[in-house]
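Scroll down for the structure; my scribbles are underneath it.
We did not get these values from a lab; they are worked out from the coordinates using the rules stated. Since we're looking at a predicted model, the values are computed, not measured. Here the Cβ is made from the backbone with ideal geometry for all residues, glycine too, and neighbour counts use every protein chain on show.
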Amino acid sequence: MRIGDLATRTRVSVRALRYYEEQGLLASTRSGSGQRVYGDAAVNRVRLIQQLYGAGLSSKTIAELLPCVDAGVSTPESRARLAAERDRINAQIAELVIARDRLNDIIDVTSRPNPQCDYA
């Protein structure tokens, strides 16, 4: 598929896909006319990259970890890196749960009728 098709299927901009290639996160071949061509596996690859970015990993970290993903094996160092990222994400989730619970409390408290705030 061409880069525009991949962008549409993954909801990622063409510019981001080019950036992923520059960073060594995504690979393409070239057609006879020089256009980028991606295999179907690129869709899952882009989704993984997006998930890892969304989780706060840098492009450098992602680039270091993707060979382990591709090979289906890891080294002690890469496992430690993955575990550290997982632990960081778990800590973020815990903080987000606390923030969500506080927002729920605020919503509950501010949802009570208050004659001083009745501007109707």
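Per residue of the chain, the DSSP helices (runs of n ≥ 4 H) give a summed -39500 (n - 2.57) that works out to -22000 deg cm²/dmol at 222 nm. Each Cα pair under 8 Å and six or more residues apart adds its sequence gap; the mean of these over the residue count of segment 1-73 is a relative contact order of 31 percent.
Subtracting the Cα-Cα distance of ALA80 and GLU21 from 0.36 nm times their residue separation leaves 18.6 nm of extension gain. Expressed as a whole percent, the proportion of Cα-Cα pairs in segment 1-73 lying more than 22 Å apart is 19%. Shape index of segment 71-119: Rg/Rh, with Rg the Cα radius of gyration and Rh the Kirkwood radius from the inverse mean 1/r over Cα pairs, equals 1.47. Within segment 76-103, list the residues whose amide N lies under 14 Å from a label point set 7 Å along Cα→Cβ of SER111. From segment 76-103, the list is 101-103.
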